[in-house]
Amino acid sequence: MEDKNEWGSNLSFILAMIGSAVGLGNIWRYPYVLYSNGGGAFYIPYIVAILVMGIPFLILEYGVGYNFKSSFAKAIRKINPKFEYLGWFLPVAVFMIMIYYSAIMGWDAIYIVLSFFKGWGADPNAFFATTLLQSSDSYTTLTSFIPIIAIAMLVGWFIIWFISHRDLEEGLGKISKVLVPLLFVIMVLIVGFSLTLPGASVGLAQLFNPDWSLLGHFEIWMAAFGQIVFSLSLGMSIAFTYASYTKDDADLITNTISIALANSLFENFAALGVFSILGYMSVQSGTAVADLVTQGTGLVFIVYPTVFNVIGQWAYVLGPLFFITVYLAGLTSILSTVEPLSFSIQNKFGFTRNRTMTILCIVGALISMIYATAYGGSLLGFVDTFINQIALLFGVIVECIVFAWVFKAERLVDFLNSRSKTIKLGKWWLVIVKYVLPIFISIVWIGGMIDVVNNSSIDQLNFTIVSAALLLVASLVFTMRPAKNEEWDEIEERVEN
Ligand code: PFF
């Protein structure tokens, strides 16, 4: 069973990991985060966050994953059987991301089709919210089903299943080698074109115009750390799982640096494109850039179609390219969100990869149908906030402590250094992973909790409680079910003590 879960080459590992990192967060989240947190000045906390957290943490997660060459749940159990619950908590939380990511991809798939004929009409805002999503903020509309969204989502689930149920290298490995380079190429085309638009410089000036005074504000540091956790998919058991699939000779330190660089390059590139286009639009419409910027769904499904409406013939090239890029970025990320849970189930219950993926895709597709309702958009926002600001960050803090303190990060230093062709780890790394990271991420977590509690409606709080209950119960069920695989407690370690 295990050999079906191994990368064919180091390149497959790196590209799949970049595919996981480069996702919707890079395209729709980062440009706005950069803009609203001091523009050019944001680069200081951003670079600090990459150097102090992103790279050191990723090295730790890779190192431990590589050492165990087994699933997250199995390895956590080996570190201490009492922690098995954590071993399921993170993979289940990441699987919950998968379920709502599939809805965003479904919307995007519809926009790919619409972009060929500007099918969103003259008022993209009304089209998105009212015609397509039939958005409602009353949970009674959970029963009003929207078939077109459901169909688009099911197509996505089929593609995901088609790639994931194969052996790792045959499916995810091969597809990453095609899609990830393609994603970069299309992005270069879009950004190249955007930079030539009249008014691009207006947008870029707005974006980079540094507001140094913000550097003293706690929020921009929090935003930078939050962005890096999300964007690099840190501490989510994905990096762990991907590293456990590597062969025996991986240079994990150098890989980490390549992945972090590629991810940052992509998101900063995306920011150039987004703001050139906003600058162009601002000049065309006479609206200030500040009034156009938004993030998330608003940016992708409202601002962009509005732009395509005013740029004439080019829209028929740029529009499809843009929505296809978003789809590919989403696809390579969503494929990573099923791996930790799938591998853990394979290890504990002895199912094959094929069978596990088939079951998870069916279950995921069925649950995801609640997002194909008129309440879906609101629900998605609540679940996203809960998972990202509360559940995952909590898991990340616990994971950091378990890996750095209980497993003991010291064990990895000599081994990682012996393979590294670039930097070598020293005492500084241990200080970061044992002290700086748990403290920093805890601060970000508390800030996020306060934000959620202060800014939530009653409905949001209720649905947050329901999501939390589901996550806690599902993790408990996986922990309590007896193992069916005799090898569940047999585990090899690749790094000597
Ligand atoms: N890193 C992805 C992005 O930037 O869009 C998002 C992501 C993927 C977050 C997978 C979490 C996750 F488990």
Checklist outcome for this item: Residue count, the stretch 17-42, condition among the small types (Gly, Ala, Ser) and within 12 Å of the ligand (Cβ to nearest atom), comes to 5
Checklist entry - Restricting the search to the stretch 37-47, which residues are of a type outside the set (Phe, Trp, Tyr) and under 15 Å from Ser231 (Cβ atoms)? => result Asn37, Pro45, Ile47
Checklist entry - Do any helices (runs of 4 or more DSSP H) entirely within the stretch 287-368 hold 3 or more residues that are closer than 26 Å to Gln227 by Cα and within 16 Å of the ligand (Cβ to nearest atom), and if so, which? => result 315-337, 339-349
Item to check | Hey, Ala75 more than 15 Å from the ligand (Cβ to nearest atom), at pLDDT 95 or above and either among the polar types (S, T, N, Q) or in a helix (DSSP H, G or I) (or both) or not | outcome: yes
Checklist entry - Quick one: would you say Gly279 is away from the ligand (no atom under 16 Å from the Cβ), surrounded by fewer than 23 Cβ atoms within 10 Å (Cβ to Cβ), at negative phi and not polar (S, T, N, Q)? => result no
Checklist outcome for this item: Every listed condition ((1) over 24 Å from Met17 (Cα atoms); (2) touching a Gly at 6+ places or on another chain (Cβ under 7 Å)) holds for Gly192 save (2)
Checklist entry - How many residues does the stretch 11-42 hold that are modelled with pLDDT of 95 or more, farther than 30 Å from Phe349 by Cβ and not aliphatic (A, V, I, L, M)? => result 0
Next on the checklist: Condition check: hydroxyl-bearing (Ser, Thr, Tyr) and touching a helix residue (DSSP H, G or I) at 6+ places or on another chain (Cβ under 7 Å). Does Ser194 satisfy that?
Outcome noted: yes
Item to check | Selection from the stretch 417-431 of residues that are part of a helix (DSSP H, G or I) and either surrounded by fewer than 14 Cβ atoms within 10 Å (Cβ to Cβ) or modelled with pLDDT of 95 or more (or both) | outcome: Asn417, Ser418, Lys427, Trp428, Trp429, Leu430, Val431
Item to check | Single condition Lys82 does not satisfy, out of (1) without any contact (Cβ under 8 Å) to a residue 24 or more places away in the chain; (2) farther than 25 Å from Met480 by Cα | outcome: (2)
Checklist outcome for this item: Gly192 passes all but one of the listed conditions (1) in a helix (DSSP H, G or I); (2) within 30 Å of Gln389 (Cβ to Cβ); (3) at pLDDT below 95; the exception is number (2)
Checklist entry - Does Gly173 satisfy being closer than 30 Å to Ala391 by Cβ, among the small types (Gly, Ala, Ser), away from the ligand (no atom under 16 Å from the Cβ) and more than 16 Å from the chain's Cα centre (by Cα)? => result yes
Item to check | Search result, residues across the stretch 209-222 that are within 12 Å of Ile44 (Cα to Cα) and either among the hydroxyl-bearing types (Ser, Thr, Tyr) or in a helix (DSSP H, G or I) (or both) | outcome: Trp212, Leu214, Leu215, Gly216, Ile220, Trp221
Checklist entry - If you go through the stretch 454-475, how many residues are surrounded by 11 or more Cβ atoms within 10 Å (Cβ to Cβ), among the aliphatic types (A, V, I, L, M) and more than 18 Å from Leu360 (Cβ to Cβ)? => result 5
Next on the checklist: Going residue by residue through the stretch 138-146, is there one that turns out to be farther than 22 Å from Ser102 by Cβ and at pLDDT 95 or above?
Outcome noted: no
Checklist entry - Which of the following residues is free of Cβ contacts under 8 Å to residues at least 40 places away in the same chain and either among the aliphatic types (A, V, I, L, M) or farther than 15 Å from Leu90 by Cβ (or both): Lys484, Lys408? => result Lys408
Item to check | Qualifying residues in the stretch 224-275 (those that are of a type in the set (D, E, K, R) and away from the ligand (no atom under 15 Å from the Cβ)) - the one nearest to Ile27 (Cα to Cα) | outcome: Asp251
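The values are calculated or read from the model by the stated rules, or taken from the named source; none is laboratory data. Quick caveat, the model's predicted, so the values are computed rather than measured. Cβ coordinates were reconstructed from backbone atoms using ideal geometry, including for glycine residues, and neighbour counts include every protein chain displayed.
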